[in-house]
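The values are calculated or read from the model by the stated rules, or taken from the named source; none is laboratory data. Small disclaimer: the values here were computed from a predicted structure and weren't measured. Heads up, the Cβs are rebuilt from the backbone with ideal geometry, glycines too, and the neighbour counts pull from every protein chain shown.
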Amino acid sequence: MAVDTRVRVGSIELSHAVMTASGTSGHGAELGAYFDLSRIGAVVVKSLSVMPWAGNPAPRLHPLSHGMINAVGLQGPGMAAWFDEHLHVLARHGARTVVSLWGRSVEEYRQAAEVMAERLSRPGADHIVAVEINLSCPNLEERRGIFAHDADLSADVVARCQVIDRPVWAKLSPNTDRLVEVAGAVRAAGAEAVTLVNTVVGLVLDDEGVPVLGNGGGGLSGPMVHPVALRAVADVRAADPDLPIIGVGGVTSGAAAGALLRAGASAVQVGTATFVDPRAPMSIADELVVWAADQGFSRLRDITGRRGRGSN
């Protein structure tokens, strides 16, 4: 059975439900050496701030039996430099692109959004389809913890980013019991969709009790967090059925991607699996099509929120 892979996330249509996840596929077209980037829904680039950022001290990554823990620290060249150095390469690969944005304060988010808005007004940015605001960052200005743990702060950031002439997605944290409230707040502030979820905070010690990461703790990702992502997607879907959701967390197979769609996501992102196999986003996209056909679905968009079998 042929399967229509097109899906809608808010106001945009993607040619496939599977994208890459921010922070796991580089700043540009690095994965283009392994598969045709135009065949997946979108490439979500590593989060960019208004200024260059060096990230955290090494070591930054540590493998675990069912995933990894990382504290890379959002290293990047800055928004303006990214447009100068990477945008044209992604365009050459035909990749639909989602730009991820972060800041240490509400003001820094606003500044990064303004730089992006100005660059989007120039020729050559047509393939940028959305901006994903990474709200899972420590608020270093007001010392109020993680942005995505505070509904008012998250809404403020999203509102300040409305200067961008692209749909805004808000990437939220699973490390709070206010997830549903925050999702509602960012939607009210102008977010077209929410990305659920970012990493789960954790700590790994070596045999001598020393943290294995240079920053101390870090974020857990991979198959171990898949049930967390499913629960987050299902909870937000139940509370706000009309809010588009991009599901991310532990997607290592077509079946895992399908589970997130069944829980309520309109699209999914592949992250940590890319560290194991850089072809993972493409292979999982292909597996999802086979899985959907086996489940009786002729369109990927019909899987969203469906807990039973599909139909022709």
Task: Options Ala112, Ala130, Ala125, Ala91; residue that is assigned to a helix (DSSP H, G or I), among the small types (Gly, Ala, Ser) and farther than 24 Å from Phe275 by Cα - done: Ala112
- [ ] Examine the stretch 119-126 for a residue that is surrounded by fewer than 21 Cβ atoms within 10 Å (Cβ to Cβ) and under 23 Å from His16 (Cβ atoms), and state whether such a residue exists.
- [x] yes
Task: Residues being more than 15 Å from Gly271 (Cα to Cα), of a type in the set (Val, Ile, Thr) and touching a helix residue (DSSP H, G or I) at 6+ places or on another chain (Cβ under 7 Å) - total across the stretch 205-251 - done: 3
Task: Verdict on Leu243 being within 25 Å of Phe35 (Cβ to Cβ) and not charged (D, E, K, R) - done: no
TODO: Go through the stretch 189-216 and count every residue that is surrounded by fewer than 24 Cβ atoms within 10 Å (Cβ to Cβ), of a type in the set (Gly, Ala, Ser), touching a strand residue (DSSP E or B) at 6+ places or on another chain (Cβ under 7 Å) and part of a loop (DSSP other than H, G, I, E, B).
DONE: 1
TODO: Working only within the stretch 15-36, note down all residues that are closer than 13 Å to Ala285 by Cα and either among the hydroxyl-bearing types (Ser, Thr, Tyr) or surrounded by fewer than 24 Cβ atoms within 10 Å (Cβ to Cβ) (or both).
DONE: Ser15, His16, Thr20, Phe35, Asp36
- [ ] Go through (1) touching a residue at least 60 places away in the same chain (Cβ under 8 Å); (2) farther than 30 Å from Ile303 by Cα; (3) among the β-branched types (Val, Ile, Thr) and name the single condition Val72 misses.
- [x] (1)
Open item on the list: Exactly one of these conditions fails for Ala81: (1) touching a helix residue (DSSP H, G or I) at 6+ places or on another chain (Cβ under 6 Å); (2) surrounded by fewer than 16 Cβ atoms within 10 Å (Cβ to Cβ). Give me its number.
Closed with: (1)
- [ ] May I ask you to list the residues in the stretch 81-127 that are among the charged types (D, E, K, R), touching a strand residue (DSSP E or B) at 6+ places or on another chain (Cβ under 8 Å) and closer than 12 Å to Val50 by Cβ?
- [x] Arg104
Open item on the list: One residue is enough: does the stretch 178-188 have a residue meeting the conditions basic (Lys, Arg), in a strand (DSSP E or B) and touching a residue at least 12 places away in the same chain (Cβ under 8 Å)?
Closed with: no
Task: Conditions (1) buried (at least 17 other Cβ atoms within 10 Å of the Cβ); (2) at positive phi; (3) free of Cβ contacts under 8 Å to residues at least 40 places away in the same chain; number of the one not met by Ala256 - done: (2)
Task: Residue under evaluation Gly308, criteria (1) modelled with pLDDT under 95; (2) small (Gly, Ala, Ser); (3) buried (at least 20 other Cβ atoms within 10 Å of the Cβ), criterion not met - done: (3)
